[in-house]
1. If I ask for residues that are under 18 Å from residue 280 (Cβ atoms), more than 7 Å from the ligand (Cβ to nearest atom), among the small types (Gly, Ala, Ser) and in contact (Cβ under 8 Å) with a residue 24 or more places away in the chain, which ones from the stretch 324-361 would you list?
2. Within the stretch 65-73, can one find any residue that is under 21 Å from residue 157 (Cβ atoms) and open to solvent by 20 Å² or more (accessible area, probe 1.4 Å)?
3. Quick test for you: out of 474, 424, pick the one residue that is within 16 Å of the ligand (Cβ to nearest atom), out of contact with any Pro (no Cβ under 6 Å at 6 or more places or on another chain), aliphatic (A, V, I, L, M) and closer than 30 Å to residue 17 by Cα.
4. Any idea which of 283, 255 is buried (at least 21 other Cβ atoms within 10 Å of the Cβ), small (Gly, Ala, Ser), closer than 19 Å to residue 348 by Cβ and not assigned by TED's automatic domain parsing to the domain that holds residue 423?
5. For the stretch 11-26, give me each residue that is at pLDDT 90 or above, within 14 Å of the ligand (Cβ to nearest atom) and surrounded by fewer than 22 Cβ atoms within 10 Å (Cβ to Cβ).
6. Of all residues being assigned to a helix (DSSP H, G or I), among the aliphatic types (A, V, I, L, M) and closer than 21 Å to residue 257 by Cα in the stretch 132-165, which is nearest to the chain's Cα centre (by Cα)? Just the residue, please.
7. Restricting the search to the stretch 296-323, which residues are of a type in the set (Lys, Arg), surrounded by 21 or more Cβ atoms within 10 Å (Cβ to Cβ) and more than 8 Å from the ligand (Cβ to nearest atom)?
8. Would you check which residues across the stretch 328-362 are closer than 18 Å to residue 393 by Cα and under 22 Å from the mean Cα position of the chain (by Cα) and list them?
Amino acid sequence: MFTFIDKILDKATMYRVTLYTLVFILSGAVFLASFGVLHLNPFSLIFSAAFLLFFCSLTNDIFAKVFEVPANDESVYITALILTALITPPSSATDWRYYVLSFWAAVWAMASKFMFAIKKRHIFNPAAFAVALVSLTLGLSATWWIGTPTMLPFVMIGGFLLVRKIGRFDLAGSFLITALVFIIVPAIVSGGNPLSVISRALGNSPLFFFAFIMLTEPLTTPPTKKLRVAYGTAVGFLFVPWVHIGQIYSTPELALLLGNLGSYFVSTKDNLLLKLKKIEVIAADTAEFVFDSPQKLRYKAGQYMEWMLPHENPDNRGIRRYLTISSSPTEDEIRIGIKFCDNGSTFKKKMLSMEPGDAIIASHLVGDFVLPLDTKQKLAFIAGGIGITPFRSMIKYATDAGEKRDIVLLYANKKEENVSYRNIFNEAAAKFGLRTTYLFSDKGENIDKNSIEKNIPDYRERTFYVAGPMAMVITLEKTLKEMGLKDSQIKKDFFPGF
Ligand SMILES: Cc1cc2nc3c(=O)[nH]c(=O)nc-3n(C[C@H](O)[C@H](O)[C@H](O)COP(=O)(O)OP(=O)(O)OC[C@H]3O[C@@H](n4cnc5c(N)ncnc54)[C@H](O)[C@@H]3O)c2cc1C
């Protein structure tokens, strides 16, 4: 069943899955409210979503014009729907408290993205910022009504799929464990009934909505797994209601804002305007974009960035993509390898129409799909299609840095003409003995148990790095575990979106 779900998740961008998740959760709320299971008026809930969508879009358009920054509609809808889940809908047509609170929250959510942004990168989760600011300026608080037991199934299902899509179980998990331990243990120790303490902690709290939907916002989370776990743990502690500084008691929004601030300081602040030098066609469906970098970008081979390419009438996939830096830090230029499809997105069409000298914005350098520090560790790289880009970067780095690593590469493509970077792998074979096996599905060759056993007989001694489409990565992870490999021996990089 998960293979089927992963195939669907693979087709949509991360922003799209977040949007669908929110629509699913709020539709669930309307459904439950219609049957009186949730104590809200279903029409009032639909009205609240429309009200917040309208004012968020309007404010965002105004700010985008004033700041001359392209508007990203998808992220505006996401923020508006999160606010819908936090602010109780109007109890009547003249519920002025609702109108004031929602309007002010919509304005500040959008304003925060522009006004509290450094080098075009916002620091705070917009929805959390808005509800905190509304409470500070107007004394009106969001109720986080979404944290009711009846909503839990919708939040859990939608949230689980979203976290699976973006691969952030480390973050959500560390947050949930910390928050639950610090909420449940003290309550039980001070005499609370364990069952009711646990059920209250799980059901009567926005814990899961917060963990799955808000905490995981990529632009405000730290770049590596270790830092993400530290971030999840810190925000989990701050989330606990009895935590306070002086008279200021913790609220979910304050916990997230403090966490965002910490995340900002540990994340790279580089926001590069890169000028295109040339485009090279490197395989039947793949082109490499070579950019001059105005300043030396400090990155590790295998990391990726968020690339923004504003263009007229973008399609519903928007103007941003995660793309791996396929060059190595030992090279002067920055390179990205891109796969193109028929009927591709407007983003990719715009990329193909770029001329030398045209600019693209790259920001938010992240990723721990990087070479291990120990150069003696035996490695197996497995790439499906365009999943080869991080390996190009790591292999080129090992070659240039004169490292003698023991690496086996299995590289699967549909056909011979889809192979990229053969020259880089040949060079590495000559320099340090890289062993590459090319597999072609049109010849019935696939990466599976048999091909791994055949081409990597000492597979039990190796650490596997797997990169490619999400469904492929998840299937191979399962296969490798069935072959006796431990979790710690498998590193994954999803390339969703195809
Ligand atoms: C960590 C990470 C690293 C990545 N690194 C790379 C990389 O190095 N190189 C790379 O190429 N990709 C990489 N990706 C994937 C990349 O971010 C895109 O998701 C992917 O390239 C698809 O791009 P696209 O949305 O522009 O669609 P396209 O590649 O143009 O199309 C993909 C499929 O979607 C369909 N499609 C296109 N537009 C739409 C639309 N508007 N609505 C519905 N369907 C549509 C197409 O028909 C096609 O079937 C990476 C992703 C992640 C998360």
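The values are calculated or read from the model by the stated rules, or taken from the named source; none is laboratory data. All values derive from a computational prediction rather than experimental measurement. Glycine gets a Cβ as well: all are built from the backbone with ideal geometry, and neighbour counts include every protein chain shown. Just the protein is used for accessible areas: all its heavy atoms, side chains included, with ligands, DNA and RNA removed. Shrake-Rupley method; radii C 1.70, N 1.55, O 1.52, S 1.80 Å.
1. 327, 328, 357
2. Looking for residues that are under 21 Å from residue 157 (Cβ atoms) and open to solvent by 20 Å² or more (accessible area, probe 1.4 Å), one finds none in the stretch 65-73, hence no.
3. Only one candidate qualifies: 474.
4. 283
5. Scanning the stretch 11-26 gives 19, 20.
6. Checked the stretch 132-165; the qualifying residue nearest to the chain's Cα centre (by Cα) is 163.
7. Correct list: 320 only.
8. Once the filter is applied, which keeps residues that are closer than 18 Å to residue 393 by Cα and under 22 Å from the mean Cα position of the chain (by Cα), the stretch 328-362 yields 335, 336, 337, 338, 339, 362.
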